[in-house]
1. May I ask you to say which residue of ALA158, ALA126, ALA163, ALA145 is touching a helix residue (DSSP H, G or I) at 6+ places or on another chain (Cβ under 7 Å), open to solvent by 10 Å² or more (accessible area, probe 1.4 Å) and either assigned to a helix (DSSP H, G or I) or over 13 Å from GLY35 (Cβ atoms) (or both)?
2. What about VAL15, is it within 21 Å of VAL317 (Cα to Cα), modelled with pLDDT of 95 or more and in a loop (DSSP other than H, G, I, E, B)?
3. Inside the stretch 102-122, can you point out the residues that are of a type in the set (A, V, I, L, M) and assigned to a loop (DSSP other than H, G, I, E, B)?
4. Yes or no: ALA208 within 18 Å of THR37 (Cβ to Cβ), of a type in the set (Gly, Ala, Ser) and either touching a strand residue (DSSP E or B) at 6+ places or on another chain (Cβ under 8 Å) or open to solvent by 60 Å² or more (accessible area, probe 1.4 Å) (or both)?
5. Kindly indicate whether VAL75 is touching a residue at least 40 places away in the same chain (Cβ under 8 Å) and either in a strand (DSSP E or B) or open to solvent by 50 Å² or more (accessible area, probe 1.4 Å) (or both).
6. Within the stretch 171-206, track down each residue that is among the charged types (D, E, K, R), touching a Ser or Thr at 6+ places or on another chain (Cβ under 8 Å) and outside any loop (DSSP other than H, G, I, E, B).
7. Residues in the stretch 32-44: is at least one surrounded by fewer than 17 Cβ atoms within 10 Å (Cβ to Cβ) and not hydrophobic (A, V, I, L, M, F, W, C)?
8. Can you tell me which of ARG272, ARG259 is open to solvent by 40 Å² or more (accessible area, probe 1.4 Å) and in contact with a strand residue (DSSP E or B) (Cβ under 8 Å, 6 or more places away or on another chain)?
Amino acid sequence: MRAETFSGYEGLKLVELPKPAVTNAKVLVRITAAGVTPLDHTILSGKFHGSKAPLVLGNEGAGVVEQGGGTDFPVGSRVMFFGTYGAFEDGTDSEWVAVRKEDLCLIPDNVDDVSAAGIPVAYLTAQVALTLADFRAGKTVLAPAIGGSIGNAVTQLARALGAKHAMSSTTNHTKAEQAKALGFNEVVDTSLEKLGDGVRRITSGYGADIVIDGIGGEVLSEALGVLALGGNLTTLGYSASRETTIDVTNLIVPQASIRGLNMFAQPKASIRAAWKVIVSLLKSGAIKPIVAKTFPLVEAVDALRYLIEGRPFGRVVLKI
């Protein structure tokens, strides 16, 4: 499913392409499932730097090694991966992808391919962000948007790794109830109270040591106001807006800090370290990806529209 032009949903077309050639550095993977992400929509809308049409979208995926994996990834191995695929080179919305070996991770036996396809972007981003924010057990963490991929992954990881509080939020009362039913008990329902009020209530006035924000806009501005003394906020997404207004005293008074995170610029060592943590927690069942809905590849437009406009609780995945 290729973006022939970056002109919105109508730019996506189903095309026949030759099977990619395998070189020494790459492994041929037969894709079984591909994660649908907000980045797909940003690229398709012509609002992402560096991407060029025509381009097969899909930044993450799961599949089976067909050729070139060596002893680390033998033929038949189930793998998941993330990289510059779907952004700067053809991606996972396809039957076959030639994947750099260093981008691959074996899928734990207790995780199915559909769930695995929605793991790499969310959980790698979440774990790298927590590491850079100097997360340790006992810290208080806020990741807005519990139904979104980053908010959910950060909340799960922080909780599993021993956070004193692993908080999130939602603007939707139904999602707040859904979160509670799924065991997320520290979610601020901003249809009933302000984000800052909710965080202060949950933490008895302490605030958040770490904020990981994938939303941007007004949410980022509000989240800055809940930082604890010496706290830090990482901004890594802008699904709400690329622009916001901040009150600088929210940084000055608590001597807090704010930083950006670009996953395409992370060292391979950081990604490998994150994978080790994630795989261990997946195997133990301490974290579990949530899939909202699956679509066949031919319905990629509907899948992306559902993600962006339907704003589901959990991941949207294409079955190839």
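1. Values: ALA158 fails: open to solvent by 10 Å² or more (accessible area, probe 1.4 Å); ALA126 fails: open to solvent by 10 Å² or more (accessible area, probe 1.4 Å); ALA163 fails: touching a helix residue (DSSP H, G or I) at 6+ places or on another chain (Cβ under 7 Å).
On inspection, the qualifying residue turns out to be ALA145.
2. Working: within 21 Å of VAL317 (Cα to Cα): yes; modelled with pLDDT of 95 or more: yes; in a loop (DSSP other than H, G, I, E, B): yes.
Judged against the criteria, VAL15 is a match.
3. Selection gives ILE107, VAL111, ILE119.
4. no
5. no
6. Going residue by residue through the stretch 171-206, those that are among the charged types (D, E, K, R) are 175, 177, 180, 186, 189, 193-194, 197, 200-201.
Still in the list and also touching a Ser or Thr at 6+ places or on another chain (Cβ under 8 Å): 186, 189.
ASP189 - this is the single residue of the stretch 171-206 that is among the charged types (D, E, K, R), touching a Ser or Thr at 6+ places or on another chain (Cβ under 8 Å) and outside any loop (DSSP other than H, G, I, E, B).
7. No: the stretch 32-44 contains no residue that is surrounded by fewer than 17 Cβ atoms within 10 Å (Cβ to Cβ) and not hydrophobic (A, V, I, L, M, F, W, C).
8. On inspection, the qualifying residue turns out to be ARG259.
The values are calculated or read from the model by the stated rules, or taken from the named source; none is laboratory data. Computed from a predicted model, the values in this text were never measured in an experiment. Because the Cβ atoms are built from the backbone with ideal geometry, glycine has one as well, and the counts that use them run over all protein chains shown. Ligands, DNA and RNA are stripped out before the accessible areas are found, and what is left, the full protein with its side chains, is counted by its heavy atoms. Shrake-Rupley method; radii C 1.70, N 1.55, O 1.52, S 1.80 Å.
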